[in-house]
Amino acid sequence: MTPEEYCQDKTAKSGSSFYYSFLFLPKTKRLAITALYAFCREVDDIADAEMDNNIKRVKLEWWRSEIELLFNGTANHPVSHALLPVIKRFNLEKKYFLEIINGMEMDLEEVRFATFEELSLYCYRVAGVVGLLSASIFGYNDPKTLEYATKLGLALQLTNIIRDVYEDSLRDRLYLPLDELKEFGVTEAQIFNREDTEPFHKLLSFQAERAHKCYREAFATLPVQDRYKQKTGTIMAAIYENTLNEMELDQLQVLKHKVVIPPLRKIIIALKTWFKEWWSYRKYNIA
């Protein structure tokens, strides 16, 4: 198995919505973003694994060393081999890969965030930084596109947090800001005991509206001239916000089951979004 095949297999098996947005990229960029996503999966799988946290820290430290080797032109892991040409071709910065690892380390302790400001740092490390690296691969002319990428990463991560409340609670993780739990009259114990209360639904509705606002702010920031280049991110956003909409239609019953968009529907959303972006790009260039 080649490094590229390893990354493709890792990405496809993840079942992530990101996979469907990658299909619309030219081969060079598709291989690049797949290698980046495979790296994210490698370190995220460590953070989520059923093993002692000290072992997880050793494994994540190994990846720190591997990133240093990668940016010195050598590599050991198949993902690193796949990334070697990518970091040069798209001028990716080492600090962002290290920040992703920092984010994964935040998952090793008791995961609690006192405020949304604290949560935002976590979201930046595990999603915003990925957005910055992705934007560089997709291509841009206006630096404001990087601001868009960071904001979109936050929106996507907030959607994940809402969707995965129950799964995260099984790992003793809680990504909802504690001061907001207190404000809405919700306790940690109620969430971990899956008590589907009215205050909990009000809390989640507040979180969902915040996520929608982040999507709106992200796209308000995206420069028109870069929008078509960033269409992969637009497709990701469409799939994720559709998931958020589905959760709201389901009355945010996230403590009972997980809302999952079927693969065929993801493909349809991706196709519709791609056509919409292509049509807008065509009109923009004709004008």
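The values are calculated or read from the model by the stated rules, or taken from the named source; none is laboratory data. Predicted model only: the values in this text are computed from it and were never measured. All Cβ positions, glycine included, derive from the backbone under ideal geometry; neighbour counts span all protein chains shown.
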When only residues in segment 187-211 that are free of Cβ contacts under 8 Å to residues at least 24 places away in the same chain and of a type in the set (Ser, Thr, Tyr) count, which is farthest from Tyr175 (Cα to Cα)?
Thr197
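Under the condition of being of a type in the set (Gly, Ala, Ser) and in contact with a helix residue (DSSP H, G or I) (Cβ under 6 Å, 6 or more places away or on another chain), which residue from segment 238-281 is surrounded by the most Cβ atoms within 10 Å (Cβ to Cβ)?
Ala270
Among the residues of segment 193-209, write down those that are surrounded by fewer than 16 Cβ atoms within 10 Å (Cβ to Cβ) and at negative phi.
Asn193, Glu195, Asp196, Thr197, Glu198, Pro199, Lys202, Ser205, Phe206, Glu209
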Restricting attention to segment 26-39, which residues are in contact (Cβ under 8 Å) with a residue 60 or more places away in the chain and either in contact with a Leu (Cβ under 9 Å, 6 or more places away or on another chain) or acidic (Asp, Glu) (or both)?
Ala32, Ile33, Leu36, Phe39
Checking Val224 against (1) free of Cβ contacts under 8 Å to residues at least 24 places away in the same chain; (2) of a type in the set (A, V, I, L, M); (3) touching a Phe, Trp or Tyr at 6+ places or on another chain (Cβ under 8 Å): exactly one of these is not met. Which one?
(1)
From the list Leu84, Leu23, Leu69, Leu98, pick out the single residue that is hydrophobic (A, V, I, L, M, F, W, C) and within 25 Å of Cys123 (Cβ to Cβ).
Leu98
Subset of segment 43-59 [surrounded by fewer than 18 Cβ atoms within 10 Å (Cβ to Cβ) and either among the polar types (S, T, N, Q) or within 27 Å of Arg30 (Cα to Cα) (or both)]:
Asp44, Asp45, Asp48, Asn53, Asn54
Please verify whether Phe22 is buried (at least 22 other Cβ atoms within 10 Å of the Cβ), within 10 Å of Val79 (Cβ to Cβ) and in the same structural domain as His81 (by TED's automatic domain parsing), treating the condition exactly as stated.
no
Of the residues Glu195, Glu248, Glu277, Glu241, which is part of a helix (DSSP H, G or I), of a type in the set (Asp, Glu), modelled with pLDDT under 95 and out of contact with any strand residue (DSSP E or B) (no Cβ under 8 Å at 6 or more places or on another chain)?
Glu277
Test Ser136 against the stated conditions and say whether it is in the same structural domain as Pro3 (by TED's automatic domain parsing), at pLDDT 95 or above and among the polar types (S, T, N, Q).
no
Within segment 180-188, is there a residue that is surrounded by 18 or more Cβ atoms within 10 Å (Cβ to Cβ), modelled with pLDDT of 95 or more and within 22 Å of Val130 (Cα to Cα)?
no
Given (1) out of contact with any Gly (no Cβ under 9 Å at 6 or more places or on another chain); (2) in a helix (DSSP H, G or I); (3) closer than 19 Å to Ser136 by Cβ, number of the condition Lys29 does not satisfy:
(1)
